[in-house]
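A.B. asks: One structure, pasted below without further comment.
The numbers here are math on the coordinates, done by the rules we state, and not lab data. Predicted, not measured: the structure shown is a model, and the values here were computed from it. In this analysis, Cβ positions are derived from the backbone assuming ideal geometry, glycine residues included, and neighbour counts consider all displayed protein chains.
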There are 2 protein chains.
Amino acid sequence: MSLKIALAQINFVVGNIAANVDNIIKAAVYARDQLKADIVVFPELTITGYPAEDLLLRADFITAANNAIYQLAEQVIDIALVVGFPEQGEGVLYNSAVVLHQGVTLACYRKQALPNYGVFDEQRYFTAGDKPCVFEFNGTFIGLTICEDVWKSGIIEANKNMGAELLLTLNASPFNSGKIHQREAVICQQVKDSALPLVYVNQVGGQDELIFDGASFVVDSLGQTVFRAEEFKEQISVIEFDGVNPVVSTCAPLYSQISSEYQALVLGIKDYVRKNGFQGALLGLSGGIDSALVLALAVDALGAEEVEVVLMPSQYTQDMSNEDAVLEADALGVKYHVIPIAPAVNAFTEMLAEVFEGMAKDTTEENIQARCRGVILMAMSNKKGKLLLTTGNKSEMSVGYATLYGDMAGGFAPIKDVPKLLVYELARYRNSLSVVIPERVITRPPSAELAPDQIDADSLPVYENLDPILERYVELDQSADEIIAAGFKSGDVIRAITLVDRNEYKRRQSPPGIKITSRAFGRDRRYPITSGYRGV
Amino acid sequence: MSLKIALAQINFVVGNIAANVDNIIKAAVYARDQLKADIVVFPELTITGYPAEDLLLRADFITAANNAIYQLAEQVIDIALVVGFPEQGEGVLYNSAVVLHQGVTLACYRKQALPNYGVFDEQRYFTAGDKPCVFEFNGTFIGLTICEDVWKSGIIEANKNMGAELLLTLNASPFNSGKIHQREAVICQQVKDSALPLVYVNQVGGQDELIFDGASFVVDSLGQTVFRAEEFKEQISVIEFDGVNPVVSTCAPLYSQISSEYQALVLGIKDYVRKNGFQGALLGLSGGIDSALVLALAVDALGAEEVEVVLMPSQYTQDMSNEDAVLEADALGVKYHVIPIAPAVNAFTEMLAEVFEGMAKDTTEENIQARCRGVILMAMSNKKGKLLLTTGNKSEMSVGYATLYGDMAGGFAPIKDVPKLLVYELARYRNSLSVVIPERVITRPPSAELAPDQIDADSLPVYENLDPILERYVELDQSADEIIAAGFKSGDVIRAITLVDRNEYKRRQSPPGIKITSRAFGRDRRYPITSGYRGV
């Protein structure tokens, strides 16, 4: 007996039920007519997109999502659709997967393992199901599972005990660096333990802070990956099963870590701009490494004609910064403007002279420069409908080495979760494809250029020390004692941790950025601003 | 048999374990020596403060909190302490209450009902306990419960079945308008059903977006409130029980709704400034009603000498606005500065002239004015270490009638959850205590004064229509159809809803504000920015 199962790795828009239904229908018809599939499997919560957050608390939204399932059942025949949706129960909501075939519901499964950690809040919305769901299709017994279910032990086994010969899994598994290896390793091991072949369909696309990386796959009963779809791209594929043995297919090769990080950032920018309807993007180009990388990412995401940059030199901007910024814009073919900030800075200095009389210069004056740039960029963004991208990296976001409403002004922060050392790696990686960032931008010491001869290392531990301390503190929740015991200088550790703790208020007002590490700022790390805890 | 139970309604600082332990010891000694209490009951998660958010994921923090309990047990004798703390279990965490007496633990209860809705994320951190806990003390059987437990049916009954004669409840129950009535009504009814007298101890104080309003109380076995502590104030009280019957005490009268709203806002400002170590507060005074109210609140919270204001007139500022602003500052005795914004606005206009050539004026030019004010205020805040308060209300935050990095710039947004019509009511209420806001500020039509003869009603439905629409949409999750069916004009409803949906990106970057309604923006309402759902 042969069974052809299609994996519909598609980019959905959160909340746009009508568009998502259209995409489901198109994909199902393609799978049926072109791929000759018997079943087509979609990602978790297909109908609403993931995560729909508090839209899920609205009765009208849930009604619309449930009605969409009835529509779908009638609109596509001669192929079975496995679709995720928020199922309205009696006063409760389930994260469900339904099998639609010839106008009727063959089966409906309610997700049992509801993640409520990290970026996930599923217990805010959903009630857990309490049993597996196995249905017969063309003589094969197929079990349904949803995402977290197959990371837990017990649920696959319960499917097997109910007679399942094959598992389908609907997923919305977000990307972080290295996740794809972890994901396949965990799930292949689960399959191996149970000897149940598994079809894993993941969503692809960017949604605010999250990237879904696709890379859907099929594991045979020995726990071997026999098929893998592309990362970061939409793809509808089909796998033939001979009985429950997948007929060997081809695996898309996995990208290198640096390449997948780069592509995640590109996809994140592209989807944020496209799904929110902006007329391209805009950024300030300083001649430094951060804005150089963001420019390259933006051009790779949107194309040169969709991106505009502004150089906003001050008296502290070195000539080489301006020269390099122009080289970057030219190398990528983007339009640039030059607007020196002196007139506005001078105006504010005079306006504040009386109030500030007798008070020493401090970071206030540096912030004024950064905020003048923020005003210019936001004015251009407002006037032209272009999304303003900020260029701050994760190291800066961690320690607050950034000006609120200054360089932090913007709608989206592409490299907010990229530590400084990784910024350099990504720049070198991009240059390995074609040189777009002058070498000197990569090798010169980083500087905010807000005061004479300023460099980052005046205020912060050098990044070679700072970044690993931050990873341990922010991502791994290690204590100061543990980090010092690992060999870092206690002065650096105390300084870094104190700055992280003190700058929660800035991060709370920062634009969303793309999660690429195991723990990003935003929904993933929820700290009080008001906090008396001092871990040092 | 007589039993004296003290209620320690105290203001804790999240994360400051050492300071919280000191406060617990002081309160316990006072309860023992001054009030002759046998038992002193503290609020939920006393040791860490509530909500400690992702601090609870840190092993060092949990260890410190658990060690604090051992310390406490040894440091206070001759009175039983009932203290809340995050109990480290085997690889899991419990939200627990422990009874310490003469150096030993008499009982330890693990919270069974973990709220994970609204502002609550307890299932992110805690595992639920699975049984009640009743202990004997001086011959009385006492049950322990924590907050959400006593809102659910079943848990009180289970305590009764285990022999409890009296219940103690540790709480961190946040304020919203009318909550105190709801809270007492629900709990008195539960007590009535079970005929178990109950001692309810609530935290008091501000923590970022939340206000805990105190108003701890005691209910007798008939379900009658026989004692109530003050709202919004620290208070350590004692209630004598004759057997399990409370000896009738006195109830602090409940404040009127408007008075409690006003006091919640005052406490919120005071605690945010105090707990975060600011040198007072600062705000821009426009002559409009919103900044007039925020000034009055700030002065009532901090005292006049701690507050500074800045008038920043433009060519569109009417004379009466400046006059009224000065009258407000004078009435409250605060220092004011006048810094006209024309020089900065003119500088930006010239700097952007070339880039904007041939493009029509639009809101960009209005935003530049607001952002120049933002730069001035932030410079003063940076230089003087004063917290910048924003003055936007909930109606504006809902529809995005505010400038990001302009009037939205600041560290704290006191009236962010106060709808415009309530702003007027609160202003009138404040004037009823002593006149600090000129009558004409209350009666003139509201205007942003960013363009000639501009009034809010040019861009928005009048607030008498807008506010109830927003309440239904934002707080009650009603659909457009439901709101229209309730009698609101469809044009107004569609306009309002579209603006709310479209402005999530602004709210995501707004400073935290004080929750006073049933659903505030912030942790309480989590929406995607990227969303294709159009409920209209």
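A.B. asks: Compute the signed sum of charges (Lys and Arg +1, Asp and Glu -1) over the other residues within less than 11 Å, Cβ to Cβ, of A:Pro528.
C.D. replies: Once all neighbours under 11 Å are counted, the net charge is -2.
A.B. asks: Given a Förster distance of 25 Å, report the FRET efficiency between A:Asn67 and B:Ser490 from their Cβ-Cβ distance, rounded to the nearest 0.05.
C.D. replies: 0.70
A.B. asks: Report the local net charge at B:Ala19: Lys and Arg +1, Asp and Glu -1, summed over other residues whose C-beta lies under 13 Å from its C-beta.
C.D. replies: Around B:Ala19, the surrounding residues sum to +3.
A.B. asks: Sticking with this structure for a sec: Note down the nm distance, to one decimal, between modelled labels 7 Å out along Cα→Cβ at B:Ile455 and at A:Ala304.
C.D. replies: Each label point lies 7 Å from its Cα, and together they span 5.3 nm.
A.B. asks: Need the list of lysines near A:Lys361 for cross-linking: C-alpha distance under 16 angstrom, and skip anything on the same chain fewer than eight residues off.
C.D. replies: B:Lys383, B:Lys384
A.B. asks: Measuring label to label, 7 Å along Cα→Cβ, what does A:Met162 give against each other copy in nm, shortest first?
C.D. replies: Once sorted, the set of distances for A:Met162 reads 3.5 nm.
A.B. asks: Additional query: Among B:Ala80, B:Pro461, B:Gln9, flag the residue with its Cα farthest along the positive direction of the charge dipole of chain B, charges on Cβ as +1 for Lys/Arg and -1 for Asp/Glu.
C.D. replies: Result: B:Ala80, furthest along the dipole toward the positive end.
A.B. asks: Ok, one more. If the cut-off is 22 Å between C-alpha atoms, which lysines fall inside it for B:Lys489, apart from same-chain ones fewer than 8 positions away?
C.D. replies: B:Lys394, B:Lys420
A.B. asks: Which loop-located chymotrypsin sites (Phe, Trp or Tyr not before Pro) does segment A:246-344 contain, where loop means any DSSP state but H, G, I, E or B and the Cβ has at most 16 other Cβ atoms within 10 Å?
C.D. replies: Working: sites: A:Tyr255, A:Tyr262, A:Tyr272, A:Phe278, A:Tyr316, A:Tyr336; in loops: A:Tyr255, A:Phe278, A:Tyr316.
Sites meeting the loop and neighbour criteria: A:Tyr316.
A.B. asks: For chain B, state the average projected area of the convex hull of the C-alpha atoms over all orientations, rounded to one decimal in nm².
C.D. replies: Orientation-averaged projected area of the Cα hull: 27.0 nm².
A.B. asks: Taking the Cα centre of chain A as origin, sum charge times position over the Cβ atoms of Lys and Arg (+1) and Asp and Glu (-1), and report the length of that vector in debye to the nearest 20.
C.D. replies: Here the size comes out at about 500 debye.
A.B. asks: For A:Ala342 and A:Ser432, what does the FRET efficiency come to when R0 = 41 Å and r is the distance between their Cβ atoms, rounded to the nearest 0.05?
C.D. replies: For R0 = 41 Å, the calculated efficiency reads 0.60.
A.B. asks: Let me ask you something else. Just the Kirkwood number for the protein assembly as shown, please: inverse of mean 1/r across all distinct Cα pairs, in Å, one decimal.
C.D. replies: Values: mean 1/r = 0.0324 Å⁻¹.
It is 30.9 Å.
A.B. asks: Could you give log10 I(q)/I(0) at q = 0.23, 0.26 Å⁻¹ for segment B:208-298, computed by the Debye formula over C-alpha point scatterers of equal weight, without solvent?
C.D. replies: The Cα Debye sum returns log10 ratios of -1.16, -1.30.
A.B. asks: Nothing charged except the Cβ atoms of Lys and Arg (+1) and of Asp and Glu (-1): what's the magnitude of the dipole of segment A:2-254 about its Cα centre? Round to the nearest 20 debye.
C.D. replies: For this selection, approximately 280 debye.
A.B. asks: May I ask you to derive the FRET efficiency for B:Asp242 and A:Gln257 from their Cβ-Cβ distance with R0 = 41 Å, giving the value to the nearest 0.05?
C.D. replies: Working: r = 71 Å, r/R0 = 1.74.
Working from the Cβ atoms, E equals 0.05.
A.B. asks: When the chain is fully extended, how far beyond the present Cα-Cα distance does A:Ala195 get from A:Arg274, taking 0.36 nm per residue of separation? Intermediate values should be presented prior to the final figure.
C.D. replies: Details: separation 79, 0.36 × 79 = 28.44 nm, distance 4.21 nm.
So the chain would gain 24.2 nm between A:Ala195 and A:Arg274.
A.B. asks: Using only Cα atoms, what is the ratio of the radius of gyration of segment B:259-455 to 2.2 N^0.38 Å?
C.D. replies: That works out to 1.00 for segment B:259-455.
A.B. asks: Ranked by Cβ crowding within 10 angstrom, fewest neighbours first, how are A:Ser286, B:Ser432, B:Ser459 ordered?
C.D. replies: Least to most surrounded, the residues fall as B:Ser432, B:Ser459, A:Ser286.
A.B. asks: Could you pull the copy-to-copy label distances for B:Ser2, with points set 7 Å along Cα to Cβ, in nm to one decimal and sorted shortest first?
C.D. replies: Going from nearest to farthest copy, the values are 9.2 nm.
A.B. asks: Run the quick spin-label model on B:Thr498 and A:Thr225: label points 7 Å from Cα toward the beta carbon, then report their separation in nm to one decimal.
C.D. replies: Simple spin-label model gives 4.6 nm for this pair.
A.B. asks: What residues of segment B:33-52 lie in the reach of a label at B:Ile77, counting those whose backbone N is under 12 Å from a point 7 Å from the Cα along Cα→Cβ?
C.D. replies: none
A.B. asks: Inter-copy label distances at B:Tyr336, 7 Å along the Cα→beta-carbon direction, one decimal in nm, shortest first?
C.D. replies: Label point to label point, same position, other copies: 4.7 nm.
A.B. asks: Taking the dipole about the Cα centre of the protein assembly as shown, with the C-beta of Lys and Arg at +1 and of Asp and Glu at -1, give me whichever of B:Gly385, B:Gly89, A:Phe175 is farthest to the positive side.
C.D. replies: The residue sitting farthest along the positive end of the dipole is B:Gly89.
A.B. asks: Something else now. Suppose we flag GluC sites (Glu not before Pro) only when DSSP calls them loop and at most 10 other Cβ atoms lie within 10 Å. Which is the longest uninterrupted stretch of chain B?
C.D. replies: Counting only loop sites that pass the neighbour cut-off, the longest clear stretch is B:91-353.
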